[in-house]
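One structure below.
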Amino acid sequence: MGGLTNALDHVLPSAAFQLARRFADGATMWCVAPQWPEHARHLAVEFVHPVVVGARALPAVSVPGPDPVGALRAAVRAGDIVAVVSSAADPVALELVRRGPAWGATTLWLATGNGVMDSSADLTVRVDDADGTAPFDGRLVLHYHLLWELTHVCFEHPGLLERRDETDEVVCVTCRDDGRLAEVVRVSVDGHDVEVRTASGHEHADGTLVTPLVPDDLVLVHAGSVIARVGAS
Amino acid sequence: MTDFLYPFLDHDEDDLDALLDDLTRSAHDKADISAALVESTLEQLDGDLHAAARDVAECLVRGGRLLTFGNGGSSTDASGLAALFATPPHGPPLPAVALTGDSAVLTALGNDVGFPLVFSRQVIAYAAPDDVAVGFSTSGNSANLLMAFDAARDRGLLTVGFAGYDGGDMAGAGLDHCLVVRSDSIHRIQETQAALGFALWRMVHAELDGSHAHA
């Protein structure tokens, strides 16, 4: 299991700390595993009904069904956590971590596989999986067990959880110099007035530069205008 | 002076790096313990796993299916094993059904006849003699698993149990195969049970390949 070393050094511990901080602020963790729904359920039940007597129950919900993007669009509130468990190339996972910032969510991606990975998740934990068996032989389970165990260690340090310091920039997208990520909610008939959802709430932007826009498009908003459409959708 | 009242104001509470170092050490320790438990258990139970794999393969050759079940995290491990058999990462699929996935069935049975019967009633409804009942528990004491194994044995099914600690009541329940992970950490038991399930799956395929070669 030598491949665990990289993920366990700092990456997984930092992810656990960020989860603890979000939970302390009232986050709900939404768990999705498009390829292996049982792993989403296992991750959620760890937090909701801890095996260690006396450990705090934390709000985590597994999201089954054929359209997790649609389900989470409705369910996620700003400040929540979207936790995705999948292989590193899963298209639904990619879609979720791309949209997380527009919903104001912290995104955690527990990704199996050894290939080059393009992750825009706030927290990416790679699970070494050269032979494709980590989801079945206990190695993936180990990683989210450790996430749960370390998150609860963090709760023993409430002073650190309450502090606001440079680690917050991990989830900050509002200062991206190329614009803020947003999701289109509705578009006026002439296409000029676009209501968008961003990390800080709903707002209106000018849509004349990028047409035609349709609801659920992922876009960049800058200086009151939609300046680009993001990604494939 | 007020440390006993406000431990979170302690100097250490300013030191995020120290906490992250502690967490990293802890993660490595736990991962090492998990890997060592997986390795020693696979070695200890090698004979039992092969014997179970032979019996499971025979049932499958006769047209049987795996029926898997468990509670909580173990219910997801049961679902995972069924998924591994039925929709494997490679190799041919084998019939396996998890009795944990249908909330309509689970809540109907839990509400109408009680939670101890949620798996046994499904075994009674679905099982044929060549099927295999596979239950996952960390304590080995879950009443609904023990009842499901009783119902399975009454119908002539092969029974395979995964347990932890000292095997609990499952160890004395007369199962055909009871695979016990000797640990008292629920997390490490579950990780090792997954590794055992994976090893069982590989061995079942090896048995089936062998029986085809000799057919």
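A few remarks follow.
- Pairs, first more than 7 Å from chain A (Cβ to nearest Cβ) in segment B:23-47, second among the β-branched types (Val, Ile, Thr) and in a helix (DSSP H, G or I), C-beta under 8 Å, six or more apart: B:Leu37/B:Thr192; B:Thr41/B:Thr192
- Among (1) surrounded by fewer than 24 Cβ atoms within 10 Å (Cβ to Cβ); (2) within 8 Å of another protein chain (Cβ to nearest Cβ); (3) closer than 16 Å to A:Val51 by Cβ - the single one A:Phe155 does not satisfy: (2)
- In this structure, B:Asp15 qualifies as surrounded by 14 or more Cβ atoms within 10 Å (Cβ to Cβ) and either at pLDDT below 90 or of a type in the set (D, E, K, R) (or both).
- For A:Asp90, the stated conditions hold: it is more than 11 Å from chain B (Cβ to nearest Cβ), out of contact with any Phe, Trp or Tyr (no Cβ under 7 Å at 6 or more places or on another chain) and either hydrophobic (A, V, I, L, M, F, W, C) or in contact (Cβ under 8 Å) with a residue 40 or more places away in the chain (or both).
- When A:Pro101, A:Pro135 are screened for being crowded, with 24+ Cβ neighbours inside 10 Å and closer than 22 Å to A:Ala199 by Cα, only A:Pro101 passes.
- A:Gly159 meets the stated requirement of being at pLDDT below 95 and on the phi < 0 side of the Ramachandran plot.
- B:Ala98 vs. criteria under 23 Å from A:Ala40 (Cα atoms) and either touching a Cys at 6+ places or on another chain (Cβ under 8 Å) or surrounded by 14 or more Cβ atoms within 10 Å (Cβ to Cβ) (or both): yes
- Test: residue in segment A:28-51 that is more than 12 Å from chain B (Cβ to nearest Cβ), of a type in the set (Gly, Ala, Ser) and either closer than 22 Å to A:Thr124 by Cβ or in contact (Cβ under 8 Å) with a residue 24 or more places away in the chain (or both): no
- If the condition is being among the hydrophobic types (A, V, I, L, M, F, W, C) and under 22 Å from A:Glu95 (Cα atoms), then segment A:182-203 contributes A:Ala182, A:Val184, A:Val185, A:Val187, A:Val194, A:Val196, A:Ala199.
- Some residue of segment B:56-68 being closer than 17 Å to B:Ala199 by Cα, assigned to a helix (DSSP H, G or I), of a type in the set (Val, Ile, Thr) and at pLDDT 95 or above: yes
- Segment B:76-92 - residue that is part of a helix (DSSP H, G or I) and free of Cβ contacts under 8 Å to residues at least 60 places away in the same chain and, of those, farthest from the chain's Cα centre (by Cα): B:Ala86
- Segment B:58-82 - residue that is hydrophobic (A, V, I, L, M, F, W, C) and within 12 Å of B:Val160 (Cβ to Cβ) and, of those, surrounded by the most Cβ atoms within 10 Å (Cβ to Cβ): B:Ala78
- Test for A:Arg139: is it more than 23 Å from A:Pro68 (Cα to Cα) and at pLDDT below 95: no
- Checking each residue of segment A:24-33 against the condition of being of a type in the set (Phe, Trp, Tyr), over 12 Å from the mean Cα position of the chain (by Cα) and under 24 Å from B:Gln190 (Cβ atoms) gives no match.
The values are calculated or read from the model by the stated rules, or taken from the named source; none is laboratory data. Here the structure is a predicted model, which means the values were calculated and not measured. Using ideal geometry, Cβ is built from the backbone for each residue, glycine included, and neighbour counts are taken over all protein chains shown.
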